[in-house]
Amino acid sequence: MREERAVLKKALSSMDVLATGLGALIGWGWIVAFGGMIQKAGVLGLILGFAIGGTLMLTIGLTCGELSSSMPVTAGGFAFTLRALGVKHAYWCGCFMAISYIALLMFEAVSIPVIFATLWPHVFEVMPLYTVAGFKVYLPQVILGVLVSFLWYGINYVGAKLYGIVQTVMIVIFIVLGFCTVGISLYKGNPAFFVENMWGNLSPIKGIVSILALAGFFYIGFDMIPQAAEEYKAEPKKLARLIQGSIIVGTIWYMLIGCMIAFQIPKSELPNLSLPAASAVARTWGQAGFYIVLFLGIIGIVTTYSASFYSSSRVLFGLARGKLFPKGFAKLHPKYGTPTLPITISVIASIIAVFLGRAAVMWFLDATSAFVVLFYLYIACSYIILRKQEPKMNRPYKAPGGILTGIIAVGASIFFFLSLILPFSPGALIWPYEYAIFITFLIIAMIIYLLMAPTLKKTLVEEYEWLVLGIESDKEK
């Protein structure tokens, strides 16, 4: 007798899903990192780097969009890999997804109190508890982090609809306020400063490569859209447009921020600024502009945290439904239809991060960024294989470029992975801590795989296809 398959409720609109991807993509990095990037690559190198990086990410997004429209189920990359490469590879793809999203969730959980401490240090940098990796952990920051964790636990527990409303409201505020503020600051900038900042300390080629090496980190987020596919109320083919839209809007935003800083800040002053984007806006808007940017930063961090909280719980649910995680994680709340145990795991990870502090969690984020790129690689490979093996598969959206698009996406994924792993790369992991964390996660994943091996062998392919993809075998029909 066929096992019952848990199915998530349709609750999210197109705007909710776009807010998930875009909210995760635009976080906090643009506030702190772009000054240093302009110093290295120049504003021209930054623009070209993000133009090339965005284009490469768009090819990955195209493959992801086609597969999401064909298989609109949660834990998308895991599902795509299952159909194309089988359960063993699906396990690894799903494992990389779970690690990546939980690590990003933990990083954002501890970043929220830190940005509040930047705004109000006299409130949030008092009563130190202990030190982790040279950084103090303060009681008010812990309290705030725990409160935020429980707030989002409640939002996600009640259902995807409430999550979607909250996420959409925040991203609409960000887009309207952010583009207006930055646009006016850019318009009132000084062209002479822009010319000064045209070239950086590195050669043009090295400068562009240094930006490309970081692109994998700055574009994390669009891949969360497939996690919402099963709860998306509209036609699945629209998912592809939403993925593309999040990448394009993110690229435009990053370019605008780089240009605004270059127009507002003389080259000689850039090394002295810890928050160059906020300082640049303050040149036009005064001290109010500085706080506007920090407010946008809070929204960026919270939307990334919110999307990561949502996505990590859905990936855990998808893995459990596919028998690659304990069965209890696939149970849904009788009233709200939400995966309560995965949501509980997400809030526990969030609270642990708050107690660890920013320094330790930063190592986890950098180390697991490589796992994000690895599951991009799995998605791109699955796209190519399914194009060859199942040319007649239902594809509500068909990516332009055919197999060539998949080949470029594979190449882009490999490039981004190498830029994180190779020691001489500008975006390389920090030795020895981040390499050790990366290897440790691989070992843990291997141990879990070995423990799950008997279940993998006993479960029929048809059963996996039913539980993960909802596909009925000919016998069952």
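Structure values in brief
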| item | result |
| --- | --- |
| Whether segment 259-407 is rounded, prolate or oblate, judged on the alpha carbon gyration tensor where a/c under 1.5 counts as rounded | oblate |
| Ellipticity estimate at 222 nm from DSSP helix runs (n ≥ 4, -39,500 (n - 2.57)) divided over the chain, nearest 500 | -24500 deg cm²/dmol |
| From the C-alpha gyration tensor of segment 231-288, square roots of 5λ in Å | 36, 12, 9 |
| With every protein chain in place, the chain: carbon and sulfur % of accessible area (1.4 Å) | 70 percent |
| Relative contact order of segment 245-345, pairs being alpha-carbon contacts under 8 Å that are 6 or more residues apart, as % | 14 percent |
| Convex hull per residue volume in Å³, alpha carbons only, for segment 142-222 | 174 Å³ |
| Volume of the Cα convex hull of segment 376-477, divided per residue and given in Å³ | 142 Å³ |
| Cα centroid separation, segment 10-87 to segment 164-202 (Å) | 20 Å |
| The chain, accessible area per residue, ligands and nucleic acids excluded (1.4 Å, Å²) | 40 Å² |
| Taking all pairs of distinct alpha-carbon atoms in the chain, Kirkwood radius in angstrom | 22.7 Å |
| Value of relative contact order over the chain, rounded to a whole percent, pairs C-alpha under 8 Å and six or more apart | 34 percent |
| With 10 Å bins from 0: P(r) over segment 83-230, alpha-carbon pairs, percent | 8, 20, 29, 28, 13, 1 |
| Extension gain (nm, one decimal) between Ile143 and Ile448, 0.36 nm per residue minus Cα-Cα | 106.4 nm |
| With eigenvalues of the C-alpha gyration tensor scaled by 5 and rooted, segment 1-110, Å | 33, 17, 15 |
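The values are calculated or read from the model by the stated rules, or taken from the named source; none is laboratory data. In this text, all values refer to a predicted model and were calculated from it rather than measured experimentally. SASA here: full protein model, heavy atoms, side chains in, ligands and nucleic acids out. Shrake-Rupley method; radii C 1.70, N 1.55, O 1.52, S 1.80 Å.
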